[in-house]
Amino acid sequence: MTHDRAALPSMLALVAVAVFWAVGAVGGIRFLADTSSPMTLLVGLYVMLAGVAVSIIVTTLALNDLMGRYARLRTRR
């Protein structure tokens, strides 16, 4: 699987999601502590919720793609 260049977008998507979660954990806590109004807090939470939902979808699709590629490689052998 390491030599399959077609799998590179899925691998990059997983790395991007991992970076998103790492940065979001630190930045999200800082954002919640520094809010000036309840409306800003609410909008920020909705944006974070959308980001979490999109990251879960991207992770599921990338893992599905990589597992499908791995299964096809095993059946060829």
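Filtered by the rule that a residue be open to solvent by 100 Å² or more (accessible area, probe 1.4 Å) and of a type in the set (Gly, Ala, Ser), the stretch 60-77 gives no residues. Cβ-Cβ contacts under 7 Å between residues 6 or more apart (or on different chains), taken from a first residue in the stretch 53-77 that is in a helix (DSSP H, G or I) to a second residue that is of a type in the set (Ser, Thr, Tyr) and open to solvent by less than 50 Å² (accessible area, probe 1.4 Å), are listed as ALA62/SER10; ASP65/SER10; LEU66/SER10.
In the stretch 16-32, of all residues being surrounded by 11 or more Cβ atoms within 10 Å (Cβ to Cβ) and within 16 Å of ILE56 (Cβ to Cβ), the one that is modelled with the lowest pLDDT corresponds to GLY28. Scanning the stretch 48-77 for residues that are modelled with pLDDT under 90 and closer than 19 Å to VAL19 by Cβ turns up just one, MET48. If you check THR40 against the conditions, is it closer than 29 Å to ASP4 by Cβ and of a type outside the set (A, V, I, L, M, F, W, C)? No.
For the stretch 1-52, residues that are part of a helix (DSSP H, G or I), of a type outside the set (D, E, K, R) and closer than 21 Å to MET67 by Cα total 13.
The values are calculated or read from the model by the stated rules, or taken from the named source; none is laboratory data. From a predicted model like this one, the values you see are computed outputs, not experimental measurements. When we count neighbours, we look across all protein chains shown, and the Cβ atoms used for this are built from the backbone with ideal geometry, even at glycine. To get the accessible areas, we keep the full protein, side chains included, count just its heavy atoms, and leave off ligands, DNA and RNA. Shrake-Rupley method; radii C 1.70, N 1.55, O 1.52, S 1.80 Å.
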